[in-house]
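Computed from the coordinates by the stated procedures, all read-outs in this text should not be read as laboratory data. These figures come from a predicted structure and were not determined experimentally. Cβ sites come from the backbone with ideal geometry, for glycine too, and all protein chains shown count toward neighbours.
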Amino acid sequence: SCEGVVEDEKVSCVKENIDKYIEKRNISEALKYLDDYQKSTPIISGDCHGLAHYIGESAVDLYRDGVEILDADSAGVCQYGYYHDFMAALVRDKEFDKARLFCERLYSKHKGVVEACYHGIGHGAVLTFVEERGLSTMHAVVAEGRVLCDTVMEGAEEKVYWCLDGIYGGLLDVSTADLYANFEVLETPFDLCLDEREEFKEICYLSLSTVVGALSRDETPEPGESEINMENIFAKVLSSNKIENKETAIYGLALFYMVDKGNQGLTFEAKDIDYCRALPGVYNTACLKGMVHAVLEYPPFGEHFEAAKAVCMNDYLTVGEKKVCLGHVISKLRGFYSVEEALLICDTLEDPQKSECTGLYGKN
């Protein structure tokens with residue numbers, strides 16, 4: 001147990017416990033342990049993604065040795081970090097078919113886990129392009145990434161979509177870490193989406209929102225305030241004449257803002273909604289949806305649905321905002337719950353949301 005361990009040593013303690021499961025060749029239990037621990041000890045949530053990476057890296061050799069590691073019910077822990085290093089290792093060794101087949105065989109009752117697996121292939125490819133092939137610009141990485149995703153995924157549009165999600169999202173690592181100080185970062189990363197194919201522009205803007213947000217940090221925020229100045233970022237997006245899908249960019253930036261707050265140990269506050277209210281029309285709605293999506297997805301805010309529902313039912317929201325908010329949460333349940341679990345959640349709602357929810361998942 002890591003109870004009573006001083007804060008600075010908690011991550012090391014958790015890692016030592018993870019090693020015990022890895023030594024027993026039991027990846028599922030290692031992930032379950034991490035999942036259980038981060039739910040009870042939010043203080044390590046900012047490090048949780050890295051620990052999930054560590055488990056993924058350790059799982060590769062077991063997979064190559066024929067150990068069955070496809071039980072994925074806990075593999076989504078800490079924003080699916082497990083798949084990033086797992087897939088990076090396979091991609092680094094050019095085992096592309098093995099990586100794709102792993103995802104195709106992956107069983108999970110949660111749809112988001114399978115999507116994260118394909119994302120992991122793209123994410124891993126970015127690190128390989130930069131570290132081993134010496135690519136040093138965003139444009140070069142994305143050009144190679146598009147070819148790789150098309151080839152490895154054999155043109156299957158949905159798989160290519162999530163692979164590209166990993167390519168664009170992976171740019172965050174090489175754009176912000178000191179290790180990649182010589183990597184050339186575009187002043188406006190959203191420019192990469194201008195020559196993306198129409199069917200993949202959405203994921204381009206959504207994934208690059210993480211990069212844009214991270215590059216816009218305020219190094220000296222006020223105590224208790226986020227490092228991200230959303231007013232400035234939103235203003236730049238809305239004033240740009242080059243961003244083709246501003247609605248998705250706003251959604252992604254709002255999502256990133258809330259996830260970043262969680263990483264800093266901050267919580268959702270009703271005043272966060274004011275950022276959205278300052279935006280006109282569809283951008284207002286996109287912002288609200290992005291924020292609640294982050295709360296739904298990210299464990300520091302609590303159990304997925306209950307945490308998101310609490311945001312939607314906050315008295316600070318208007319009746320219309322509550323309706324939009326809860327409707328969006330309902331539409332995203334399959335990323336985190338099985339159909340059966342989603343229908344049980346539907347039963348806890350009142351009409352018209354109950355009927356909407358049941359109609360959506362009762363068809364599956």
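Before moving on, here are some points about what is shown:
- Sorted ascending by nearby beta carbons within 10 Å, beginning with the fewest, Leu208, Leu344 become Leu344, Leu208.
- What the phi angles of segment 6-19 give under the Karplus curve with 6.51, -1.76 and 1.60, with θ = phi - 60°, is a coupling list of 5, 3, 5, 10, 5, 4, 4, 5, 4, 4, 4, 5, 4, 4 Hz, glycine and proline written as x.
- Cα gyration tensor category, rounded, prolate or oblate, for the chain with a/c compared to 1.5: rounded
- Amide H to amide H distances under 5 Å link Glu184 with Thr137, Met138, where only residues 5 or more positions off or on other chains count and H is placed in the peptide plane.
- Theoretical ellipticity at 222 nm over the chain - DSSP helices of four or more residues, -39500 (n - 2.57) apiece, nearest 500: -21000 deg cm²/dmol
- Amide H contacts of Ile228 (H built 1.01 Å from N, in plane; Pro and chain starts excluded): Asp218 sit under 5 Å, all sequence-distant by 5 or more or on other chains.
- Computed from backbone phi, the HN-Hα couplings of segment 186-199 come to 5, 5, 10, x, 4, 4, 4, 7, 4, 10, 7, 4, 3, 6 Hz, rounded to whole numbers (Karplus: 6.51 cos²θ - 1.76 cosθ + 1.60, θ = phi - 60°; Gly and Pro given as x).
- Charge sum, other residues only, whose C-beta stays under 15 Å from Ser12's C-beta, Lys/Arg counted +1 and Asp/Glu -1: -4
- Segment 246-261 and segment 186-206 have their alpha-carbon centroids 15 Å apart.
- Taking every Cα-Cα distance in segment 234-293 and sorting them into 5 Å bins starting at zero, the pair-distance distribution P(r) comes out as 4, 21, 30, 24, 14, 6, 2, 0 percent.
- Max mean-square fluctuation residue, GNM over the chain, Cα-Cα springs under 10 Å, options Asn245, Asn284, Asn314: Asn314
- Euclidean distance of C-alpha centroids, segment 80-146 and segment 314-343, integer Å: 30
- For Ala270, net neighbour charge (Lys/Arg +1, Asp/Glu -1) across residues whose Cβ lies under 12 Å away: -3
- Loop-located trypsin sites (Lys or Arg not before Pro) in segment 177-266, at most 14 other Cβ atoms within 10 Å (DSSP): Arg197, Lys242
- As a proxy for reagent exposure, ranking Asp8, Asp173, Asp85 by other Cβ atoms within 10 Å from fewest up yields Asp8, Asp173, Asp85.
- The string of couplings for segment 140-149 from the Karplus curve (6.51, -1.76, 1.60, θ = phi - 60°) is 5, 5, 5, 4, 5, x, 4, 5, 4, 4 Hz, one whole number per residue in order, with x for Gly and Pro.
- Other residues lying with their Cβ under 9 Å from the Cβ of Gly124 contribute a combined charge of 0, Lys and Arg counting +1, Asp and Glu -1.
- For the residues Gly262, Gly281, Gly327, a GNM of the chain with alpha-carbon springs under 10 Å puts the largest fluctuation on Gly281.
- Residues Asp195, Asp178 arranged by fewest to most Cβ contacts within 10 Å: Asp178, Asp195
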